[in-house]
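One structure below.
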Amino acid sequence: RNLLDRDTFSKSDPICVLYTQAIGNKEWREFGRTEVIDNTLNPDFVRKFIMDYFFEERENLRFDFYDVDSKSPNLSKHDFLGQMFCTLGEIVGSQGSRLEKSIVGIPGKKCGTVIVTAEELGCCRDSVLMQFCANKLDKKDFFGKSDPFLVFHRSNEDGSFTICHKTEVVKNTLNPVWQAFKISVRALCNGDYDRTIKIEVYDWDRDGSHDFIGEFTTSYRELSRGQSQFNVYEVINPKKKGKKKKYVNSGTVTLLSFLIETEVSFLDYIKGGTQINFTVAIDFTASNGNPSQPTSLHYMNPYQLNAYGMALRAVGEIIQDYDSDKMFPALGFGARLPPDGRVSHEFALNGNPQNPYCHGIDGVMEAYYRSLKSVQLYGPTNFAPVINHVARYAASVKDGSQYFVLLIITDGVISDMAQTKESIVNASKLPMSIIIVGVGPAEFDAMEELDGDVVRISSRGRFAERDIVQFVPFRDYIDRSGNHVLSMARLAKDVLAEIPEQFLSYMRVRGIKPSPAPPPYTPPIHVLQTQI
């Protein structure tokens, strides 16, 4: 919208070029171009970009705009109209998966705005529940009637057929009613609604030499009309048809019901407005070492982030795209607080217990450094208080509109194992997940136990309803070559990869469906307000 006008006699002829960035070397690579739209400053580009989306990865995008002046594919031959930077998560995480952002890049000029929408490619997630019956099939058995069953085939690009479903056999009848069955749309027609589906009818024989009764063809689009006169099919045996002049058919098959079931995805909830609330809890116990010493895990090195800072940034920068207000509660545990030196296991890093929220990941980092200067590292290492802190919030919104992720960064020597297990078992019923990053050289056996991937975690004989804890040791990701960017991207990927599934397991167990996405944005029409 409102692009710069670079043409003297007419308006600009814009094109949009999308670049993606390699994680390691930060090099921008062209991903694709839209079509050129002539003579407009408000183009609606039609050509879409199809990209892979991973919740747990940060995908940086850059959209460049040019006014095309000639047929040359070389961009330097055209006028630059500005650019916009964002992440794929930012687009997906915006209300209705629709992001509007200013175009920048030409000093001193307003370059307009760009509106980007994302939509998950969905046909591959549907499955269909359908049921068939048949009437007056040919009698194939000498003594009884036939024992019919159906075989479904989808057609391939090259015209061949692949079997995709067989019904059960209904014994001794020429008018069978088969049980309803469920099949994915992908298996039935490869997601192509007009592709031929061939259905064969056989009479079952014990020796495996089933007799062919006849066949018919249809398509997903025809079947989707449901039970109607369109979905009664004549079963034809081509051999009989060729031989007998009076041959009509070998019976009919009727579709009784057709129900489409859509498997909902993580993105359906995000698009419907579910917010992910991110809380950080940092271990301020004495076992981390004195922050003024270079050997300390909390050492404040002016030139490089310490392990706590690196882990916090790696995970936080991805999750923040899914939280609209970008305000994150940041807590500490295991320290003595000023002025009276009382020990706390859930204190606000920004020093304000009434409002522990920090603005953005930068705000959290700032509060973390401020706390290091003011509190005294102490102990013991208790996790339960911060888990219960987040659980209290999660317990108050169980309608699926919010989901909570708690990141605990710790040196791993835990003192309240029994209470922590109890807290996790209770929290497994709530819309929350816990990520634990272990820093430093300690043995992390206790953390592995909390992770519950091998043995589901339990407390006093009660097992966790779902697996909500993901643990990783930071040391597994320290890149010997010193390329922290790549190793931190791997860390984030591993700790966040389980979150969409944990999120879906909560929604499924509770029977919560995604809210419909808000309608596409239409700019408000300015009505003159009159005071009465």
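The values are calculated or read from the model by the stated rules, or taken from the named source; none is laboratory data. Since this is a predicted model, take the numbers as computed values, not measurements. All Cβ positions, even for glycine, are placed from backbone atoms using ideal geometry, and neighbour counts span all protein chains on display. Heads up: the accessible areas ignore ligands, DNA and RNA and are worked out on the full protein's heavy atoms, side chains in. Shrake-Rupley method; radii C 1.70, N 1.55, O 1.52, S 1.80 Å.
When you look at residue 404, is it in contact with a Cys (Cβ under 6 Å, 6 or more places away or on another chain), closer than 30 Å to residue 59 by Cβ and open to solvent by less than 60 Å² (accessible area, probe 1.4 Å), yes or no? Considered against the rule, which asks whether it is in contact with a Cys (Cβ under 6 Å, 6 or more places away or on another chain), closer than 30 Å to residue 59 by Cβ and open to solvent by less than 60 Å² (accessible area, probe 1.4 Å), residue 404 comes out as no.
If you check 399, 445 for being assigned by the TED database to the domain that holds residue 506, open to solvent by 10 Å² or more (accessible area, probe 1.4 Å), among the charged types (D, E, K, R) and under 25 Å from the mean Cα position of the chain (by Cα), only one passes: 399. Of all residues in the stretch 328-363, those that are in contact with a strand residue (DSSP E or B) (Cβ under 9 Å, 6 or more places away or on another chain), within 16 Å of residue 278 (Cα to Cα) and open to solvent by 60 Å² or more (accessible area, probe 1.4 Å) total 4.
Looking only at residues in the stretch 41-59 that are out of contact with any Gly (no Cβ under 9 Å at 6 or more places or on another chain) and farther than 17 Å from residue 17 by Cβ, the one that is least open to solvent (accessible area, probe 1.4 Å) is 56. Beta carbons closer than 7 Å, at least 6 apart along the sequence or on distinct chains, pair a first residue in the stretch 190-210 that is over 18 Å from residue 167 (Cα atoms) with a second that is hydrophobic (A, V, I, L, M, F, W, C) for 191/123; 191/124; 191/185; 195/189.
Here residue 384 fulfils each of the conditions (1) within 24 Å of residue 495 (Cα to Cα); (2) modelled with pLDDT under 95; (3) aliphatic (A, V, I, L, M) apart from (2). It is to be established whether one or more residues within the stretch 178-187 are closer than 30 Å to residue 6 by Cβ, more than 31 Å from the chain's Cα centre (by Cα) and surrounded by fewer than 18 Cβ atoms within 10 Å (Cβ to Cβ). Within the stretch 178-187 (the criterion being closer than 30 Å to residue 6 by Cβ, more than 31 Å from the chain's Cα centre (by Cα) and surrounded by fewer than 18 Cβ atoms within 10 Å (Cβ to Cβ)), the answer is no, since none of the residues qualifies.
Counting only residues that are over 12 Å from residue 322 (Cα atoms), open to solvent by less than 60 Å² (accessible area, probe 1.4 Å) and modelled with pLDDT of 95 or more, the stretch 81-105 holds 8 of them. The residues of the stretch 349-386 that are of a type in the set (Val, Ile, Thr) and either outside the structural domain of residue 279 (by the TED database) or within 22 Å of residue 289 (Cα to Cα) (or both), listed by number, are 364, 375, 381, 386.
Against the test of being in contact with a Cys (Cβ under 7 Å, 6 or more places away or on another chain) and among the aromatic types (Phe, Trp, Tyr), the options 347, 383, 333, 328 yield a single qualifying residue, 328.
Being surrounded by 15 or more Cβ atoms within 10 Å (Cβ to Cβ), within 20 Å of residue 119 (Cβ to Cβ) and at pLDDT 90 or above is a description that does not apply to residue 258.
Contact annotation: residue pairs with Cβ atoms under 8 Å, 6 or more positions apart or on different chains, pairing a residue in the stretch 462-478 that is in contact (Cβ under 8 Å) with a residue 40 or more places away in the chain with a partner that is open to solvent by 20 Å² or more (accessible area, probe 1.4 Å) and in a strand (DSSP E or B), are 464/458. Considering only residues in the stretch 118-170 that are surrounded by fewer than 16 Cβ atoms within 10 Å (Cβ to Cβ) and of a type in the set (Ser, Thr, Tyr), the one that is nearest to the chain's Cα centre (by Cα) turns out to be 162.
Of the strands (runs of 3 or more DSSP E) lying entirely inside the stretch 69-166, those containing at least 2 residues that are farther than 30 Å from residue 500 by Cβ span 79-87, 126-135, 148-155, 161-166. If only residues of the stretch 190-210 that are of a type in the set (D, E, K, R) and open to solvent by less than 50 Å² (accessible area, probe 1.4 Å) are counted, the one that is farthest from the chain's Cα centre (by Cα) is 205.
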